[in-house]
1. From the Cα trace of the protein assembly as shown, what convex hull volume per residue do you get, rounded to a whole Å³?
2. Please report the net charge: other residues with Cβ closer than 11 Å to the Cβ of residue B:25, K and R +1, D and E -1.
3. Would you mind giving the mean number of other chain beta-carbons within 10 Å of the Cβ of each residue in A:99-112, as a whole number?
4. Test of the criteria: in region B:68-148, which trypsin sites (Lys or Arg not before Pro) are in a DSSP loop and have at most 14 other Cβ atoms within 10 angstrom of their Cβ?
5. Between residue B:193 and residue B:178, what length in nm is gained on full extension when 0.36 nm per residue of separation is reduced by their alpha carbon distance?
6. About its Cα centre, how strong a charge dipole does chain B have in debye, to the nearest 20, once Lys and Arg get +1 and Asp and Glu get -1 at the Cβ?
7. Using θ = phi - 60° and the Karplus relation 6.51 cos²θ - 1.76 cosθ + 1.60, list the HN-Hα couplings for region A:129-140 in order, rounded to whole Hz, with x at every Gly or Pro.
8. Explain nothing, just the number: dipole magnitude of chain A about its Cα centre with +1 on each Lys and Arg Cβ and -1 on each Asp and Glu Cβ, in debye rounded to the nearest 20.
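Every number here is computed from the coordinates shown, using simple stated rules; none is lab data. Values in this document were obtained by computation on a predicted structure and should not be read as measured data. In this analysis, Cβ positions are derived from the backbone assuming ideal geometry, glycine residues included, and neighbour counts consider all displayed protein chains.
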Amino acid sequence: MLSAPAAPQPMQAAPQHDHVEAVVIGASAGGIEAVSILLSALPKDFAPAVIIVIHVPATNNSLLVEVMQPRCALPVSEANDKESVRGGVVYIAPPAYHLLVEPDHSFALSVDPPVNYSRPSIDVLFESAAYAYRERLLGIVLTGANADGAEGLARIRTFGGKGWVQQPDTAVASMMPASAIERAGADQILSLPAMAAELAGLQAAQTS
Amino acid sequence: MAAQVITAEAHADFDGELARLLEAIYSTYQHDFRHYAIASLRRRVTLAMSRFQCETVTQLQERVIREPEVFAQMLQYLTVQVSEMFRDPGYFKALRLQVIPVLKTYPSVKIWIAGCSTGEEVWSFAIMLAEEGMLERAVVYASDINPDALKTAAAGVYALNRVAQFSTNYLEGGGTGSLSDYYHANSKSVVFDRALKRQVLFADHSLATDTVFSEVHFVSCRNVLIYFDKPLLDRAVGLFREALVRRGYLGLGARESLRLTSHGSAFVEIARTQRVYQKC
């Protein structure tokens with residue numbers, strides 16, 4: 001559709017170690033603002049899929065898509081059950097369901113009990129995505145007042161994926177990023193502006 | 001949740017072991033989970049491994065196959081569902097406005113609640129039908145694959161601390177009285193009025209392996225299909241299509257649809273947000 005570089009790109013390049021196919025993001029208290037800062041930095045030709053869990057109250061209608069779409073150059077949509085995950089699309093977990101990624105890179109929803117008092121739970125998304133994408137996954141833990149995401153980020157890093165965490169003292173709520181660093185460690189610990197710039201450069205780094 | 005130390009090696013063939021466990025369960029107990037979505041099963045089986053103190057899926061498989069009582073408990077993990085009465089109240093409101101008035105024109109009505117789990121939806125339907133003056137001429141089939149869940153469903157006993165949510169949902173869903181009209185409370189639980197279930201038949205039925213057992217006017221199957229892979233989703237919706245009379249209704253969960261099935265053209269959507277469909 002939209003391609004900036006003039007040099008022809010092979011459609012299926014040989015697997016590169018640092019090739020990121022999907023980015024999973026988890027956020028809780030203060031998360032809407034934090035996520036929108038990251039999304040607003042993404043270029044139109046951002047290649048990976050972006051899959052997001054933000055803890056919000058369980059109502060049937062989520063306004064997250066409407067909030068995020070105007071701030072993001074990529075299409076933003078709620079993740080639908082059994083839909084294939086597509087690169088260059090931002091997906092948001094529907095309220096009151098866990099969001100998981102199947103081995104064939106399609107979404108699955110569940111109403112299994114809350115994990116870390118949360119449904120959707122960041123751990124549930126991250127663990128399933130770790131299996132589905134292995135080393136081709138980047139997990140990001142942002143602001144929040146609980147420990148959801150820590151276990152999931154550990155799984156991502158165990159499976160060879162990368163983990164970025166918001167620098168806790170720059171977060172609205174520091175517990176979630178601090179818990180993630182303590183449990184899982186991190187490849188990068190960044191402020192939001194720095195993370196936004198890194199993320200935006202991810203696609204360019206892959207195609208250069 | 002207990003922290004576990006998990007290495008990539010330990011999980012290298014988790015999915016392969018899981019597939020063998022499901023095959024073994026099917027050949028031993030004829031319960032077919034082979035077409036369930038894998039990511040949720042992984043979590044459920046991991047919880048069962050921790051409960052039965054097994055370090056690998058293969059160890060769990062050995063116990064499940066050798067000890068039927070372990071399988072009975074395992075089934076609770078494999079089918080765990082969290083529901084509530086009048087879940088998604090807008091669904092019940094839509095039924096009262098758009099479906100019940102039509103069903104009232106039939107001399108008798110059969111309703112199938114597929115995958116009823118511990119019965120919250122069954123009692124919700126019974127109350128709605130009673131308030132609409134339809135209970136006497138309705139038959140409600142409540143089916144599930146988990147015999148323990150069916151027992152809980154038939155007992156109609158729920159923890160007292162869940163009832164506030166049930167009551168809120170009931171009123172939002174168009175309830176015309178008070179939920180407390182339908183139960184007796186004791187110190188820890190509420191017991192729903194047995195008269196509500198005189199028209200309810202509880203049945204062990206699998207959407208994965210069984211066939212249609214009756215013609216029905218309404219199928220309610222909510223938050224069950226999300227656990228199936230695409231072929232099983234297609235099979236299940238095919239059963240509903242076959243069971244439903246012409247112009248019969250199908251209600252799905254708030255985030256389920258017929259879009260990815262081969263049966264979409266056999267139905268029209270009559271309440272988009274509430275996922276109510278009518279067979280053409």
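1. Numbers: hull volume 75.2 nm³, N = 488.
About 154 Å³ per residue, rounded to a whole number.
2. Working: positive: B:20, B:34; negative: B:23, B:32.
Neighbour charge sum, excluding residue B:25 itself: 0.
3. Details: counts 2, 7, 1, 6, 5, 3, 0, 5, 3, 10, 10, 11, 14, 8.
Whole-number average of other-chain Cβ neighbours for A:99-112 is 6.
4. On the way: sites: B:87, B:93, B:96, B:104, B:110, B:137; in loops: B:87, B:104.
Listed in order of number, the matching sites are B:104.
5. On the way: separation 15, 0.36 × 15 = 5.40 nm, distance 1.35 nm.
Fully extending the segment from residue B:193 to residue B:178 adds 4.1 nm.
6. Numbers: 31 positive and 30 negative charges, 167 e Å.
Magnitude of the dipole: close to 800 debye.
7. Karplus values, whole Hz, x for Gly and Pro: 5, 4, 5, 6, 10, 6, 7, 9, 10, 10, x, 10.
8. Working: 11 positive and 20 negative charges, 44 e Å.
Dipole about the Cα centre, nearest 20: 220 debye.
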